[in-house]
Amino acid sequence: MTEHSVDVGVDVGGTSTRALAVRPDGTVHGRGTAGGGNPNSHPTDLAAKRVAEAVRDALAGAPRVRACVLGMAGESKFTDPAVVAAFETALDQVGVTGPVTVVSDAEVAFASATSEPTGTVVIGGTGAVAARIVDHRKASWIDGWGWLLGDEGSAYWIGREAVRVTLRTLQLAEPPGPLARAVLTEALPTLSDVDTKTVNHLITAANAEPPIRLARFASTVSALAATDPAAADIVTRAAEHLAAIAQTARQPDEDTPIVLAGSVIGPESPVGAALRARLASLTEAPVLFAPDGALGAAWLAALSVTGPTAPRPHT
C-alpha cells in the first residue's frame, strides 16, 4: 500500500452520481460527479459509463484503489451478471482494478450520518423505506415496495394524495382551496373554468402520464402546508406513515440512532419536521440527517480494508 492509495465511495442516484476518494487517514483525495448512474433507471452501459466518469474525476492522480463501494437503490439489479460485468469493465478502465462492492442506499445513508454500527435509516424520496442496520449492513427493511404496492409517505404517495384531495373537492362541489387550485393549474394548464367535467379531465390527465409523475405534486404540498389545511393533513399523514415504518423496523426500546435521508424528509421539509416531532414522541433515540451518501460509501470501503479502526472521512 502506498501513501497515495485511496478508498472510493459512490452515491449512485437516478438523476446524479457522486464519487468520493479518501486516503487511508480519512482525508479527501478527490471528488467527482456525473449524470444518473443507477441501472434501474438508465440503460446499463450508460449507467456504468457515468459511474466510471465520476470515479475517474475523484481518483485524479491516485495510483491505487484499495476498495470501492457503490451505494444505490435497487441494488438487487447487480444479481444480473451482465450488469456486474458492465460496471466492472467500466471501472477497470478508470483504475478500479479490485473488487467492487454494491450496497443499498440505506447503508450508505446510515454510514454517512453516524459511526454507530447499528440503528435505523428512513429514506423518504420518490419512494419510501425504513431499514434496520446491523454492523453497517441492512439486516431487514419495511415497505420500499414501490408506488403500486406501498411507499406510503413518499413523494409519489404525497402527490397522489394531493390529486385525490382535489378530485374529492370537485366531486363534492366545494370551492377549490389553494392545494386543489395548484393541482388543477399544473395538471390542466389550459383549464379556464371549473365545471362538472373537470373531474374527468383531471382523471384523464393523471392517467395519461407515467404514475411516478404524481411525485411532482409533493413539492406543492410542502409549499402550501403552512397555509392550506388539506396540504397540512397530507403532511401529517405522511409523517405518521414514515414514523410507523421506522418503529416497525426497530427492536422494542431500542435507543440506537435513527437516520433520515431523502428530499421529502430533509431538514427544511415540513414532512421532515412532522416526522421528527412524531419520532420524538415515540423514542428518545437521536435523530440524525444523512449528509452525503458518497461519504458513507467511502467509509464503508475503508472499513472493508482497515476494519473498525478506519477513520471517518474528513470533509
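The values are calculated or read from the model by the stated rules, or taken from the named source; none is laboratory data. This is a predicted model, so every value here is computed, not measured. Cβ coordinates were reconstructed from backbone atoms using ideal geometry, including for glycine residues, and neighbour counts include every protein chain displayed.
Tabulated results
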item	result
Boolean, Val129 is buried (at least 18 other Cβ atoms within 10 Å of the Cβ), out of contact with any Pro (no Cβ under 9 Å at 6 or more places or on another chain) and assigned by TED's automatic domain parsing to the domain that holds Thr198	yes
Residue in segment 94-105 that is nearest to the chain's Cα centre (by Cα), counting only those that are in contact (Cβ under 8 Å) with a residue 60 or more places away in the chain and closer than 17 Å to Trp141 by Cβ	Asp105
Criterion: surrounded by 20 or more Cβ atoms within 10 Å (Cβ to Cβ) and outside the structural domain of Ser76 (by TED's automatic domain parsing) - qualifying residue of Ala173, Ala162	Ala162
Qualifying residue in segment 134-146 (condition: surrounded by 21 or more Cβ atoms within 10 Å (Cβ to Cβ) and over 26 Å from His314 (Cα atoms))	yes
Exclusive hit being in contact with a Gly (Cβ under 9 Å, 6 or more places away or on another chain), free of Cβ contacts under 8 Å to residues at least 40 places away in the same chain and surrounded by fewer than 20 Cβ atoms within 10 Å (Cβ to Cβ), set Ala232, Ala244	Ala244
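Residue-wise test of (1) closer than 30 Å to Gly98 by Cβ; (2) at pLDDT 95 or above; (3) not in a helix (DSSP H, G or I).
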residue	(1), (2), (3)
Ala232	no, yes, no
Arg237	no, yes, no
Pro267	no, no, yes
Pro308	yes, no, yes
